[in-house]
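Okay, so here's the structure we're looking at.
The values are calculated or read from the model by the stated rules, or taken from the named source; none is laboratory data. All of these numbers come straight from a predicted model, not from anything done at the bench. Neighbour counts run over all protein chains shown; Cβ positions are idealised from the backbone, glycine included.
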Amino acid sequence: MDQPATFTAFAGHQGLATGPLQAVAVAAKAAHDQAQEPILVFDDATGRTVELDFRGSPEDVLARLSTTDSPPKPGRGRPKLGVTAREVTLLPRRNCATPSRTK
């Protein structure tokens, strides 16, 4: 069962809010309007920063959240790296043209 994604917002070194992205975005918007320090929002699962557009009202910020696509979740199994399997041999080829030695 998947747990809901949680996010954490910071204003400088001070923690602002932790929880769902919508709640954290509203708290970060309020702090952004009052603070002089940069506001950073992190995804708790990955540690990556989340870019939020704080222009307009809190409702505008929330409206933009619903239109952004979340990153795709990785599938099960090994990732496809674009490598195709080939047979590898260390034996010399029989039909190779070898340079002739001249004395």
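Looking across the stretch 2-13 at every residue that is polar (S, T, N, Q) and outside any strand (DSSP E or B), the one that is farthest from the chain's Cα centre (by Cα) is identified as 3.
Annotation note: of 80, 103, the sole residue that is at pLDDT below 90, in a loop (DSSP other than H, G, I, E, B) and within 20 Å of the chain's Cα centre (by Cα) is 80.
Within the stretch 62-77, the residues that satisfy the criterion of being at pLDDT below 60 and assigned to a loop (DSSP other than H, G, I, E, B) are 68, 69, 70, 71, 72. Residues in the stretch 41-55 that are surrounded by fewer than 15 Cβ atoms within 10 Å (Cβ to Cβ) and not hydroxyl-bearing (Ser, Thr, Tyr): 44, 45, 47, 48, 51, 53, 55. Counting the residues of the stretch 23-48 that are without any contact (Cβ under 8 Å) to a residue 12 or more places away in the chain, part of a loop (DSSP other than H, G, I, E, B) and over 18 Å from the mean Cα position of the chain (by Cα) gives 1. Screening 58, 38, 92 for residues that are surrounded by 10 or more Cβ atoms within 10 Å (Cβ to Cβ), at pLDDT 75 or above and not hydrophobic (A, V, I, L, M, F, W, C) leaves exactly one candidate, 58. When you check residue 16 against the structure, is it without any contact (Cβ under 8 Å) to a residue 40 or more places away in the chain, part of a loop (DSSP other than H, G, I, E, B) and surrounded by 16 or more Cβ atoms within 10 Å (Cβ to Cβ), yes or no? Against the criterion (without any contact (Cβ under 8 Å) to a residue 40 or more places away in the chain, part of a loop (DSSP other than H, G, I, E, B) and surrounded by 16 or more Cβ atoms within 10 Å (Cβ to Cβ)), residue 16 does not qualify.
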